[in-house]
Amino acid sequence: METTNPVHKRRPRYKGTHPTKFSEKYKELNPEKYAGTAEHVMEKGGTPAGMHIPICVKEILEFLQIQPGQIGLDATLGYGGHSLEMLKCLNGQGHLYALDVDPIESEKTEKRLAAKGYGPEILTVIHTNFANLDQVAKEHGPFQFVLADLGVSSMQIDNPERGFSYKYDGPLDLRLDPERGVTAAERLREVDEEELAGMLVENSDEPYAEEIAAAVTAAFRRGETIDTTLQLRRVIEKALEFLPAAERKQAVKKSCQRTFQALRIDVNSEFEVLYSFLEKLPDALAEGGRAAILTFHSGEDRLVKKSFRELYRAGVYQKISTEVIRPSAEECMRNSRAKSTKMRWAVKRKG
């Protein structure tokens, strides 16, 4: 009986000297296999495609003071960079629970951490929103330490199929869990001009909110669609045509960033989710338990600051950070996505 060997297919090569499309960056997407390429990208201050560099690791670990045998929670697993460092601190004793609403990335991260020796005996990954902290704590808590990194992971931003970036063409989705809720494109069709302008101001302090909202409404009135990331970018570019040419390019870039942020916050109900998490956090912590939260824009930071202060005055927290902790200048040079990071912390009162 004859056996036929499978035909070996060569990976399609990208045009030019450097890959431009997400799918072509196969070396960056496999840092375990192509460590040199990933390191080269990071040395230049970039983040390898499909990878996320954890921020403020030193500052987080110094505050949390994790000891072997403790039970902890990573409320936002993401790429697993923070979880990996916390697992190292446990030294094989205790347990880390990790939550993530994104079923696509959490499955990849669980496999990645298992390959490093952190299996179900020390790590449990739960696919749920961190707004459900009370349910998780009821079954697995209370926790001696809790971390919540509120930033969107680089793997999500870099993948055009997720629609998080105005830089690449892809569906205007922006959902952290692509299996639930409405997309950003659907949301744009639902809101009127006044509501959209209000969303842009409230969620991202967009200075040209009225102009962008009017341009979106006008595009729909003309029968145009805004179903992709680049279609939305073009609408924003049109809305800002009145600006002087010298400042228009930078203004468009900033307004695109803020508009996408505002839509992402709305689509994923991020402020409501954070408020729920902060409300449930004290009951999830053990006495003397420590919680650290990383925020990436002013709306998030205001909510965390207000919650920590109110609960400190109420005697729930024994200590809170009086000033925000920021990543070092050196870290910001290595990782440009760290620049907007603010860390706040709280310690639950004993007795």
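The values are calculated or read from the model by the stated rules, or taken from the named source; none is laboratory data. Keep in mind that what you see is a predicted model, and the values were worked out from it rather than measured. As a convention, Cβ positions derive from the backbone with ideal geometry for all residues, glycine included, and neighbour counts pool all protein chains shown. Ligands, DNA and RNA are stripped out before the accessible areas are found, and what is left, the full protein with its side chains, is counted by its heavy atoms. Shrake-Rupley method; radii C 1.70, N 1.55, O 1.52, S 1.80 Å.
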* Please give the number of the condition GLY81 fails out of (1) surrounded by fewer than 24 Cβ atoms within 10 Å (Cβ to Cβ); (2) in contact with a strand residue (DSSP E or B) (Cβ under 8 Å, 6 or more places away or on another chain); (3) of a type outside the set (Phe, Trp, Tyr). => (2)
* To do: Would you be able to tell me the number of residues in region 180-236 that are among the charged types (D, E, K, R), under 13 Å from ARG258 (Cβ atoms) and modelled with pLDDT of 95 or more?
  => 3
* To do: May I ask you to verify whether ARG248 is basic (Lys, Arg), at pLDDT below 95, touching a helix residue (DSSP H, G or I) at 6+ places or on another chain (Cβ under 9 Å) and under 17 Å from PHE296 (Cβ atoms)?
  => no
* Determine whether region 232-254 contains at least one residue that is polar (S, T, N, Q) and touching an Asp or Glu at 6+ places or on another chain (Cβ under 9 Å). => no
* Does at least one position in region 263-283 carry a residue that is touching a helix residue (DSSP H, G or I) at 6+ places or on another chain (Cβ under 6 Å) and farther than 19 Å from ASN132 by Cα? -> yes
* What single numbered condition from (1) buried (at least 20 other Cβ atoms within 10 Å of the Cβ); (2) closer than 18 Å to PRO103 by Cα fails to hold for GLY181? -> (1)
* To do: Only residues in region 200-228 that are among the aromatic types (Phe, Trp, Tyr) count as the first member; pair them with residues that are open to solvent by less than 80 Å² (accessible area, probe 1.4 Å), Cβ under 7 angstrom, at least 6 apart or cross-chain, and list the lot.
  => TYR208/ALA239; TYR208/LEU240; TYR208/SER255
* If you check ASP149, ASP100, ASP158, which single one turns out to be modelled with pLDDT under 80, of a type in the set (D, E, K, R), open to solvent by less than 30 Å² (accessible area, probe 1.4 Å) and out of contact with any Pro (no Cβ under 7 Å at 6 or more places or on another chain)? -> ASP158
* Asked: (1) modelled with pLDDT of 95 or more; (2) open to solvent by 40 Å² or more (accessible area, probe 1.4 Å): which one isn't true of ALA137, the others all being true?
  -> (2)
* Go through region 288-306 residue by residue and tally those that are of a type in the set (Asp, Glu) and at pLDDT 95 or above. => 0
* Asked: Between residues in region 54-68 that are under 12 Å from ALA291 (Cα atoms) and open to solvent by less than 20 Å² (accessible area, probe 1.4 Å) and residues that are among the aliphatic types (A, V, I, L, M) and in a helix (DSSP H, G or I), which pairs lie under 9 Å by C-beta distance while being six or more apart or on different chains?
  -> ILE60/MET86; LEU64/MET86; ILE66/MET86; ILE66/LEU90
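Residue by residue, here is whether (1) aliphatic (A, V, I, L, M); (2) in contact with a Phe, Trp or Tyr (Cβ under 8 Å, 6 or more places away or on another chain); (3) closer than 15 Å to LEU150 by Cβ holds:
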position	(1), (2), (3)
SER276	no, no, yes
ALA284	yes, yes, no
GLY299	no, yes, yes
TYR312	no, no, no
LYS350	no, no, no
